[in-house]
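Working notes, structure below.
Here, each number is a calculation from the coordinates, and none is a lab measurement. Note that the coordinates shown come from a computational prediction; the quantities given were computed from them, not determined experimentally. Here the Cβ positions follow ideal geometry from the backbone for every residue, glycine too, while neighbour counts run over all protein chains shown.
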Amino acid sequence: MRGCAPAAGSRWKAALAGALTLTTLALSTLATSTPALAADASLFEEGSSLLQGYSVSGGLFAEMGGGELSGWKYNHGLSPVSMGFRYYERNGFISGTIAAIAVMLGGAAAASGPKSTQSWESGGYRYTRTTYYSPAERAAMTAATASAAAGLFGSANQSFDLQIYSRQIGGNSEGFRMNMMLWGLPFADGSGMFDLGFGWASVRSAIGEDGKFLISKYAYVGMPLRLSYAFGPVVAYGHFDWNWFGHSRDKEFNSMQVKGSTTTALNSEFPWRFGAQAAVLGRVYAEAAVTTPELQSRRLS
């Protein structure tokens, strides 16, 4: 079937049979503003520095198993292997900059647009009266917009996470997943962090084996929430993507279509991810996690 990548080899089958979705980010370069610990713990970066300090990393990732990119909801046996490039920034400026630009554009459009519009008919004619904001009102709206944008740009503890899925790198998926964490709330003297923001994703996967084919399309627009806590050099976290599409009954986001030997699954789940992060020598960043497409599904595949 055109467009469907061949199934992974037997070494992947053994991993998939473990009923776990494993997400790994390895061999990423890391830049951090917090120096590595000296003496007895010089090998690993202090875990809290990954939450409180500035760090940026880029590297390859791999995902395998029956997560939100698979046809698990429809009991389909095939599961894609997904690979790509990931860029992650903590306590930087990308998320705040994107949000500030969006607010500025929206505010400018609102200030230049009509304040009110009235329509009526009289004598066989239809009349429309449009009222625009006064110069003083536009100035006040512009000032309020600038203040909101500045607050987003300088938001403390923001982070940016972008994953680009590519078949050129390997696997069966293509698309993107982006989470902009705009607000971070530290606790436990900086050892813990609660993050929330906005996220988007669109990932398409295709896989075939033994004459059967699966095409899955995952769509996500919503709010990511993450709870992190540093245990020595390791940061453990729980991450939830509140997918607003998952509440929709529209078949464009949640449905299954079967044509011959090909199954097309349209998914908009609420995935959970539980994992750990660590930085070695302040330069190598590693992350591993298990995910479940929906917590109430009682599945880790």
Practice item. Taking a cut-off of 25 Å between Cα atoms, list the lysines near Lys251, but don't count ones fewer than 8 places away on the same chain. Key: Lys73, Lys212, Lys217, Lys259
Check your understanding: Between the DSSP loop rule and a limit of at most 11 other Cβ atoms within 10 Å, which trypsin sites (Lys or Arg not before Pro) in segment 230-301 are left?
Key -> Arg249, Lys251, Arg298
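Cβ under 9 Å from Ala278's Cβ, Ala278 left aside: what net charge do those residues give with Lys, Arg +1 and Asp, Glu -1?
Numbers: positive: none; negative: Glu45, Glu287.
Its environment carries a net charge of -2.
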Check your understanding: For Phe44 and Arg167 in the same chain, what is the full-extension length gain: residue separation times 0.36 nm, less their Cα-Cα distance, in nm?
Key -> 41.0 nm
